[in-house]
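Step one of this worksheet: look at the structure below.
The values are calculated or read from the model by the stated rules, or taken from the named source; none is laboratory data. This is a predicted model, so every value here is computed, not measured. FYI the Cβ positions are ideal-geometry reconstructions off the backbone, even for glycines, and counts take in every protein chain you see. Protein only, heavy atoms only, side chains kept; ligands, DNA and RNA dropped before computing areas. Shrake-Rupley method; radii C 1.70, N 1.55, O 1.52, S 1.80 Å.
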Amino acid sequence: QVLLVESGGGLVQAGGSLRLSCTAPRTILSVFNALDMAWYRQVPGKQRDLVATITSSRSTTYADSVKGRFTMSRDNGKRSVYLQMNDLKPDDTATYYCAEVRGEPESWTPQSWGQGTQVTVSS
């Protein structure tokens, strides 16, 4: 499994922005370059939902609820992926998790999880 460490969550007003970071500090660079990565989010009592993915070739996909507002990117030299979140809404309030995923679009399977970072959007 890949050790993943998230950061960047916090409290923000509706309409504001946050940038989440996820680093794989113990992963060999060449291995990280080949990983497909994702961000998920979860609110208490509900399932963990896929928010965005980025493949090793930098192809991205987004949940309909965040399209046009969130952008996922990666910096392989830093073994990191990011989630830029703009125009945040109260419904975006959740714990956000970084994950290594495998498989195909529409059927990604998480392999490793970070510890999660809380995002709270006030109205």
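The set of residues in region 33-64 being among the basic types (Lys, Arg) and closer than 13 Å to Asp75 by Cα consists of Arg58 alone. Checking Gln118, Gln111 one by one, the residue that is within 20 Å of Arg19 (Cβ to Cβ), open to solvent by 20 Å² or more (accessible area, probe 1.4 Å) and part of a strand (DSSP E or B) is Gln118 and no other. Screening region 60-104 for residues that are at pLDDT 95 or above and acidic (Asp, Glu) and picking the one that is nearest to the chain's Cα centre (by Cα) gives Glu100. When residues in region 90-108 are screened for being of a type in the set (Asp, Glu) and part of a strand (DSSP E or B), 1 of them pass. Of all residues in region 16-42, those satisfying the criterion of being open to solvent by 50 Å² or more (accessible area, probe 1.4 Å) and part of a loop (DSSP other than H, G, I, E, B) are Ser17, Pro25, Arg26, Ile28, Ala34.
Ser107 satisfies every condition listed in (1) more than 16 Å from Leu4 (Cα to Cα); (2) in contact with a Phe, Trp or Tyr (Cβ under 9 Å, 6 or more places away or on another chain) except (2). Here's a check for you: in region 59-79, which residue that is open to solvent by 30 Å² or more (accessible area, probe 1.4 Å), of a type in the set (D, E, K, R) and touching a strand residue (DSSP E or B) at 6+ places or on another chain (Cβ under 8 Å) is nearest to Gln115 (Cα to Cα)? Among those residues, the one meeting the criterion is Arg79. Considering only residues in region 1-15 that are among the aliphatic types (A, V, I, L, M) and surrounded by 15 or more Cβ atoms within 10 Å (Cβ to Cβ), the one that is farthest from Asp75 (Cα to Cα) turns out to be Val12. Every test in (1) at pLDDT 95 or above; (2) open to solvent by 70 Å² or more (accessible area, probe 1.4 Å); (3) not in a strand (DSSP E or B) is passed by Ser56 save one, and that test is (2). Could you please tell me which pairs satisfy a Cβ distance under 6 Å, a separation of 6+ or placement on different chains, a first residue in region 102-117 that is under 17 Å from Leu83 (Cβ atoms) and in contact (Cβ under 8 Å) with a residue 24 or more places away in the chain, and a second residue that is among the small types (Gly, Ala, Ser) and open to solvent by less than 40 Å² (accessible area, probe 1.4 Å)? Hits for this filter: Pro110/Ala99; Trp113/Ala99; Thr117/Gly9.
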